[in-house]
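Quick notes on the structure that follows.
The values are calculated or read from the model by the stated rules, or taken from the named source; none is laboratory data. Nothing here was measured: the structure is a model prediction, and the numbers come from that model. Positions of Cβ are generated from backbone atoms using ideal geometry, with glycine treated the same way; all protein chains shown enter the neighbour counts. We work out accessible area using only protein heavy atoms, side chains counted, and drop any ligands, DNA or RNA first. Shrake-Rupley method; radii C 1.70, N 1.55, O 1.52, S 1.80 Å.
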Amino acid sequence: MRACTAMLMTMLLLSPVAFAADAADVSSAPPAPEPSVASVAGSTPEAQTSEARPLTREDVEAWLDGFLPYALATGDVAGAVVVVVKDGATLLQKGYGYADLEARKPVDPATTLFRPGSVSKLTTWTAVMQLVEQGKLDLAADINTYLDFEIPDRDGEPITLRNVLTHTPGFEERVKDLIVAEGTPFDPLDVYLKEWVPTRIFAPGTTPAYSNYATSLAGYIVSRVSGLSYDDYVEQNILKPLGMEHTTFRQPLPEHLREFMSKGYARASEGKAKPFEVVVSAPAGSQSASGADMARFMIAHLQNGKFGDARILQEKTAEEMHSTALTLQPRVFRMMLGFYEQNRNGRRIISHAGDTAWFHSDLYLFPDDGVGLFISMNSAGKEGAPGKIRKAVFEQFADRYLPGPTFDGEVDAQTAAEHARMMTGVYQVSRRPESNFLRLMTLAGPVKVFPNEDGTISVSMATNAVGQPIKWREVEPFVWRDVDGKSFLSAVVENGRVARFAFEWVSPFMVFEPMPASVSAGWLMPALIAGFIALALTTLAWPISALVRRHYRVSYALRGLDAVAHRRIRIASTAVIAVLIAWGVMASLIFGDKMLSSTADALLWVLQILSAIVFFGAAAIGLWNAGVVVRSSRKWYAKTWAVLLALALLLVLWVGWAFHLIAFDVNY
């Protein structure tokens, strides 16, 4: 789930887009459909290159013991838990490292609680499907049917629960108060949901845009329809039937579970535990659970709702949840109903990842093989280590124990070059803030696609384990495969232009679309940097020139209107620089370790008002100054500099307006 807070800091890492509704195809089908091999010249399935190792406790434990301790130490991660289930039983559950560094308390897979973040959503989706099979909810109904407040339509289309379960309701990203530190006051779920409904930036069912807010709506609907609080409902209908005694969604933790909670850390080497994280958007990520309990949850889903004598879903409902796919583009992974695909080696895999600020988790189910894998870590680590570790564990586990063929193909060099040219550009991710100042993050962290000399393409944010951009080779028209791996990237082309693309790390719940030219980072970011430098030099020249004149006892040369204009442009430049720096400080406060959000509202109001006054005023002064200087008898370089300053101030005004630094709203 930090699908926002920290992920959002690096880009919303996940970062920004849209598609035609009639392109969507909801079907009941297992893996993503693969085009006929014969339809692509030279394409053949890749032969299986390795034999499966025996999936036994002994082999899995030996493999993990040889990999995970070193990986955790290298990644500066304090502790982890790994669970493997097979054929209705726990094959292995093991803790690594420490749950509490100061007390030197090791991770106990049976009792130590981790925060699986957005893996919690699977419990919410399970609760929704329970009520669907009871006839109390309808996946095709307008969600306003079940709410006591209104979600506005977009393009005349309401949101359905099916849209919510497939992350296609079309909401922009909501960040404010998503996670707060324990002890910080926070709103109950109904107040949180009603105080601000994020803007719907896409028509429903058309564009994957991961939404914690929408998931929380689903949890709220469960509560309203069942007549129970969300916490009570999941305890009575999911946790207790499965015997998940070391699991809760309650925040703060119930007293009897506090002793089992793992500490969360930024880095293990720092040794300082972070406060317990309260996920205000609770149905989207508030779960605390032991590895052993997650094994029970995985087994129940692998057995289509059955665990021992208990049943949390009817078999038909579970199968619908696991296999009803939303297909929006070829080859890449798709959303199921809550789960999403992570197919590998020709095998069907459904999964969910989860992140808070300090905990990082993944859950994978191999439904046709009766196998499940869960991993969770309790530290942010260094250089994104938890993400790399859990990706490596999954890929190596699948390749070692469940190998198989991966589609491969080839297109001719001329076609590959033309398609690479079409793909080249600057993109924004569909999961993004749009109506508030955080839209600026799409400018600061754009996604760039560029061609390589060997005919492959690369995506700036898609890097390998050593931080180098992955190279993607085209294997069929507008479908590329990682040259050193098994993942795919595909694009949708409309009217001869790339309308969107996605690759397998994000494809079930996010896509990338070209940035509109008016706000494209391709030109706007270099121009903004140049403008900032020009304004900063003008600001610095003010005290420096005064000191130089004083040292050499030289009088101020300008007189009359020229002198007034000169002073005012320096004041305007200084004011703009000060406000831009203040925005940087504001961002650090909002996304800092203290997880400030609503507590920064007063500062945000002040900054927005200052931005309106300063940016509009400075732009007016810049234009007036340019007019005065150009009509004066001053040197050509003074005239040129005046025009450049006017352009810089106009650019800042445009950025302030387009990216909502000038606004009167503290929702984000």
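Within the set of pairs 6+ apart or on separate chains, which have a first residue in region 313-332 that is among the hydroxyl-bearing types (Ser, Thr, Tyr), a second that is at pLDDT below 95 and surrounded by fewer than 22 Cβ atoms within 10 Å (Cβ to Cβ), and C-beta atoms under 6 Å apart?
That search, which allows pairs on different chains as well, returns Ser323/Ser28; Ser323/Pro30; Thr324/Ser28; Thr327/Asp25.
Could you list, in sequence order, the residues of region 370-386 that are in contact with a His (Cβ under 7 Å, 6 or more places away or on another chain) and either open to solvent by 40 Å² or more (accessible area, probe 1.4 Å) or over 15 Å from Val81 (Cβ atoms) (or both)?
Result: no residue meets the conditions.
Before we move on, is Phe397 open to solvent by 10 Å² or more (accessible area, probe 1.4 Å), more than 17 Å from the chain's Cα centre (by Cα) and not small (Gly, Ala, Ser)? Can you show your working first?
Numbers: open to solvent by 10 Å² or more (accessible area, probe 1.4 Å): no; more than 17 Å from the chain's Cα centre (by Cα): yes; not small (Gly, Ala, Ser): yes.
So Phe397 does not fit the description; no.
Can you tell which of Ser598, Ser632, Ser611, Ser573 is small (Gly, Ala, Ser), closer than 24 Å to Ile662 by Cβ and either in contact with an Asp or Glu (Cβ under 8 Å, 6 or more places away or on another chain) or surrounded by fewer than 18 Cβ atoms within 10 Å (Cβ to Cβ) (or both)?
Details: Ser632 fails: closer than 24 Å to Ile662 by Cβ; Ser611 fails: either in contact with an Asp or Glu (Cβ under 8 Å, 6 or more places away or on another chain) or surrounded by fewer than 18 Cβ atoms within 10 Å (Cβ to Cβ) (or both); Ser573 fails: either in contact with an Asp or Glu (Cβ under 8 Å, 6 or more places away or on another chain) or surrounded by fewer than 18 Cβ atoms within 10 Å (Cβ to Cβ) (or both).
Among Ser598, Ser632, Ser611, Ser573, only Ser598 is small (Gly, Ala, Ser), closer than 24 Å to Ile662 by Cβ and either in contact with an Asp or Glu (Cβ under 8 Å, 6 or more places away or on another chain) or surrounded by fewer than 18 Cβ atoms within 10 Å (Cβ to Cβ) (or both).
With the checklist (1) over 28 Å from Ser507 (Cβ atoms); (2) of a type outside the set (S, T, N, Q); (3) at pLDDT below 95; (4) touching a helix residue (DSSP H, G or I) at 6+ places or on another chain (Cβ under 9 Å) in hand, flag the one item Met244 doesn't pass.
Every condition holds for Met244 apart from (3).
Tell me, which residue of region 545-564 that is within 22 Å of Ala646 (Cβ to Cβ) and in a helix (DSSP H, G or I) is most open to solvent (accessible area, probe 1.4 Å)?
Top of the filtered list is Leu561.
Could you check region 512-535 and list, in sequence order, the residues that are in contact with a helix residue (DSSP H, G or I) (Cβ under 6 Å, 6 or more places away or on another chain) and farther than 30 Å from Ser430 by Cα?
Of everything in region 512-535, those that are in contact with a helix residue (DSSP H, G or I) (Cβ under 6 Å, 6 or more places away or on another chain) and farther than 30 Å from Ser430 by Cα turn out to be Ala534, Leu535.
Mind listing whichever residues of region 559-571 are touching a Ser or Thr at 6+ places or on another chain (Cβ under 9 Å) and farther than 14 Å from Gly627 by Cβ?
First pass over region 559-571, keeping only residues touching a Ser or Thr at 6+ places or on another chain (Cβ under 9 Å): 561-562, 565, 569-570.
Hit for region 559-571 is Arg570, nothing else.
Any residue at all in region 479-498 that is at pLDDT 95 or above, more than 21 Å from the chain's Cα centre (by Cα) and open to solvent by less than 10 Å² (accessible area, probe 1.4 Å)?
yes
Scan region 417-440 for residues that are open to solvent by less than 10 Å² (accessible area, probe 1.4 Å) and β-branched (Val, Ile, Thr) and jot them down.
Val429, the sole residue that qualifies.
Test Gly455 against the stated conditions and say whether it is open to solvent by 20 Å² or more (accessible area, probe 1.4 Å) and either closer than 24 Å to Gly522 by Cβ or not hydrophobic (A, V, I, L, M, F, W, C) (or both). I'd like the intermediate steps shown before the answer.
Numbers: open to solvent by 20 Å² or more (accessible area, probe 1.4 Å): yes; either closer than 24 Å to Gly522 by Cβ or not hydrophobic (A, V, I, L, M, F, W, C) (or both): yes.
When the stated conditions are applied, Gly455 passes them.
Please work out which one of (1) among the β-branched types (Val, Ile, Thr); (2) assigned to a helix (DSSP H, G or I); (3) in contact with a Pro (Cβ under 8 Å, 6 or more places away or on another chain) is the condition Thr126 fails and give its number.
It fails just one condition, (3).
Of all residues in region 26-74, count the ones that are in a helix (DSSP H, G or I) and either at pLDDT 95 or above or under 16 Å from Asp399 (Cα atoms) (or both).
Taking region 26-74 and keeping what is in a helix (DSSP H, G or I), we get 37-39, 57-74.
Within this subset, residues satisfying the condition of being either at pLDDT 95 or above or under 16 Å from Asp399 (Cα atoms) (or both) are 57-74.
The total comes to 18.
Yes/no matrix, rows are residues, columns are (1) closer than 23 Å to Asp138 by Cα; (2) more than 17 Å from the chain's Cα centre (by Cα):
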{"residue": "Phe307", "(1), (2)": "no, yes"}
{"residue": "Arg311", "(1), (2)": "yes, yes"}
{"residue": "Leu328", "(1), (2)": "yes, yes"}
{"residue": "Arg331", "(1), (2)": "no, yes"}
{"residue": "Arg334", "(1), (2)": "yes, no"}
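What number of residues in region 75-114 are closer than 19 Å to Phe260 by Cα, out of contact with any helix residue (DSSP H, G or I) (no Cβ under 6 Å at 6 or more places or on another chain), open to solvent by 30 Å² or more (accessible area, probe 1.4 Å) and not in a strand (DSSP E or B)?
Total satisfying the criteria: 4.
Among the numbered criteria (1) of a type outside the set (Val, Ile, Thr); (2) surrounded by 24 or more Cβ atoms within 10 Å (Cβ to Cβ); (3) in a loop (DSSP other than H, G, I, E, B); (4) modelled with pLDDT of 95 or more, which single criterion is violated by Pro403?
Of everything listed in (1) of a type outside the set (Val, Ile, Thr); (2) surrounded by 24 or more Cβ atoms within 10 Å (Cβ to Cβ); (3) in a loop (DSSP other than H, G, I, E, B); (4) modelled with pLDDT of 95 or more, Pro403 misses just condition (2).
Within region 628-662, which residues are among the basic types (Lys, Arg) and not in a helix (DSSP H, G or I)? Steps first, please.
Step one: filter region 628-662 for residues among the basic types (Lys, Arg), giving 631, 634-635, 639.
Arg634, Lys635, listed by residue number.
Read through the list (1) open to solvent by less than 20 Å² (accessible area, probe 1.4 Å); (2) farther than 22 Å from Asn343 by Cβ; (3) assigned to a helix (DSSP H, G or I); (4) out of contact with any Leu (no Cβ under 8 Å at 6 or more places or on another chain), then give the number of the only condition that Leu443 fails.
(4)
Restrict the check to region 458-467 and report whether at least one residue is closer than 30 Å to Ala648 by Cβ and touching a Pro at 6+ places or on another chain (Cβ under 8 Å). Break it down into steps so the answer makes sense when it comes.
Our first condition is that a residue be closer than 30 Å to Ala648 by Cβ; within region 458-467, this holds for 460-461.
Imposing the further condition that a residue be touching a Pro at 6+ places or on another chain (Cβ under 8 Å) reduces the set to 460.
Checking region 458-467: at least one residue is closer than 30 Å to Ala648 by Cβ and touching a Pro at 6+ places or on another chain (Cβ under 8 Å).
Could you name every one of the strands (runs of 3 or more DSSP E) located completely within region 286-356 that has at least 3 residues being open to solvent by less than 10 Å² (accessible area, probe 1.4 Å) and touching an Asp or Glu at 6+ places or on another chain (Cβ under 6 Å)?
Numbers: elements: 288-290, 324-327, 350-355.
The strands (runs of 3 or more DSSP E) meeting that bar number zero.
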